[in-house]
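Here the structure is laid out as structure tokens; the discussion comes afterwards.
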Amino acid sequence: MKEGADTIGEIKINNEVIAVMAGRIATEVKGVAGMSGGVVDGLAKMLGKKSLEKGVKVEVGEEDINIDLSIIVDYGVSIPDVCSEIQINVKRKVEKMTGRNVRNVNLSVQGIHFPADQKEIEEKEKKEIEEKEK
């Protein structure tokens, strides 16, 4: 934080706190299935809502914050649009909450989340066929 004549002490924000903020903000974006804890055996491991800081790397420099996010997106979304929205939201909200400049919000899409319920997939396909026939 900036020190000046009107400050009465130093404020430190732990990197993990910023990581949790960034993970929470990212998962609020429509099209984000979750954060990724990395790739194991070629499959991205999706983390639960309680592990928001996993899949997030934060580097705090003298002036700026750099944030790296590993995410899993929902099948069928526009990945560039989802990523752009994440970058804008994370930068704006982290800057507002911390008072620090966010220089970079880097994203790594680690996987795609498909609907788990096969019945849901079949119903969606059936509905699309019916709409085309009309």
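What number of residues within segment 76-95 satisfy the criterion of being closer than 10 Å to Gly31 by Cα and more than 11 Å from the chain's Cα centre (by Cα)?
5
Taking segment 65-87 on its own, how many of its residues are in a loop (DSSP other than H, G, I, E, B) and either under 19 Å from Arg103 (Cα atoms) or in contact with a Gly (Cβ under 9 Å, 6 or more places away or on another chain) (or both)?
Within segment 65-87, the subset in a loop (DSSP other than H, G, I, E, B) is 75-78.
Pick out the ones that are also either under 19 Å from Arg103 (Cα atoms) or in contact with a Gly (Cβ under 9 Å, 6 or more places away or on another chain) (or both) and you get 76-78.
Looking only at that region, the number is 3.
Examine segment 36-50 for a residue that is at pLDDT 95 or above, closer than 12 Å to Leu107 by Cβ and not in a loop (DSSP other than H, G, I, E, B), and state whether such a residue exists.
Within segment 36-50, none of the residues are at pLDDT 95 or above, closer than 12 Å to Leu107 by Cβ and not in a loop (DSSP other than H, G, I, E, B).
Could you say which residue among Val73, Val105 is at pLDDT 90 or above, under 10 Å from the mean Cα position of the chain (by Cα), closer than 30 Å to Glu125 by Cβ and not basic (Lys, Arg)? Outline the logic, then answer.
On the way: Val105 fails: closer than 30 Å to Glu125 by Cβ.
Within the list Val73, Val105, the selection yields Val73.
Working only within segment 51-70, note down all residues that are of a type in the set (Ser, Thr, Tyr) and modelled with pLDDT under 85. Give the steps one after another, and end with the answer.
As a first pass, look at segment 51-70 and keep what is of a type in the set (Ser, Thr, Tyr): 51, 70.
Residue satisfying the conditions is Ser51 alone.
Output the residues belonging to segment 68-101 that are in contact with a strand residue (DSSP E or B) (Cβ under 8 Å, 6 or more places away or on another chain), over 11 Å from Ala22 (Cα atoms) and among the hydrophobic types (A, V, I, L, M, F, W, C).
Hits for segment 68-101 are Ile71, Ile72, Val73, Ile79, Val82, Cys83.
Please go through segment 7-37 and give me each residue that is surrounded by 20 or more Cβ atoms within 10 Å (Cβ to Cβ) and touching a helix residue (DSSP H, G or I) at 6+ places or on another chain (Cβ under 9 Å), ordered by number.
Once the filter is applied, which keeps residues that are surrounded by 20 or more Cβ atoms within 10 Å (Cβ to Cβ) and touching a helix residue (DSSP H, G or I) at 6+ places or on another chain (Cβ under 9 Å), segment 7-37 yields Ile18, Met21, Ala22, Gly23, Ile25, Ala26, Val29, Val32, Gly34, Met35.
List the pairs whose first member sits in segment 79-92 and is modelled with pLDDT under 95, whose second member is surrounded by 13 or more Cβ atoms within 10 Å (Cβ to Cβ), and whose Cβ atoms are under 9 Å apart, counting only residues at least 6 apart or on separate chains?
none
Tell me, yes or no, whether segment 13-30 has at least one residue that is modelled with pLDDT under 95 and on the phi > 0 side of the Ramachandran plot.
Within segment 13-30, none of the residues are modelled with pLDDT under 95 and on the phi > 0 side of the Ramachandran plot.
The values are calculated or read from the model by the stated rules, or taken from the named source; none is laboratory data. Predicted model, so just to flag it, every value in this text is computed and none were measured. We place every Cβ from the backbone using ideal geometry, glycine too, and count neighbours over all the protein chains shown.
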